[in-house]
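See below for the structure under consideration.
The values are calculated or read from the model by the stated rules, or taken from the named source; none is laboratory data. Small disclaimer: the values here were computed from a predicted structure and weren't measured. Cβ: placed from backbone, ideal geometry, glycine included. Neighbour counts: every protein chain shown. For accessibility, only protein heavy atoms count, side chains too; no ligands or nucleic acids. Shrake-Rupley method; radii C 1.70, N 1.55, O 1.52, S 1.80 Å.
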Amino acid sequence: MRTTMLSDQALLESYKQGHREAISQLLERHSRRLRDYVRMMVKDGDVADDLTQEILIKVVKVIDEG
């Protein structure tokens, strides 16, 4: 079976059209890189995890607000 990987833009549009699972795919795709970047900046894994979660929550809120 062959799967097609949707672009970030396609996932975002899908989410805006009501497909809630699309945002999970999008966040999953980028959360590790974001967490690694935050960890590099704060030098603390637990703090980086907390900040990453807060960032992702804010991202979804901003998208939801348009």
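Cβ separations smaller than 6 Å between residues 6+ apart or across chains give the following pairs from the range 4-23 residues that are under 18 Å from V62 (Cβ atoms) and part of a helix (DSSP H, G or I) to residues that are open to solvent by 80 Å² or more (accessible area, probe 1.4 Å) and polar (S, T, N, Q): L11/Q25.
Might you check whether a residue that is open to solvent by 100 Å² or more (accessible area, probe 1.4 Å), assigned to a loop (DSSP other than H, G, I, E, B) and not hydroxyl-bearing (S, T, Y) occurs anywhere in the range 31-50? The answer is yes, given that some residue of the range 31-50 is open to solvent by 100 Å² or more (accessible area, probe 1.4 Å), assigned to a loop (DSSP other than H, G, I, E, B) and not hydroxyl-bearing (S, T, Y). Within the range 51-66, residues that are free of Cβ contacts under 8 Å to residues at least 60 places away in the same chain and of a type in the set (A, V, I, L, M) reach partners that are part of a helix (DSSP H, G or I) and open to solvent by 70 Å² or more (accessible area, probe 1.4 Å) with beta carbons closer than 8 Å, at six or more positions or on different chains, in the pairs I63/K16.
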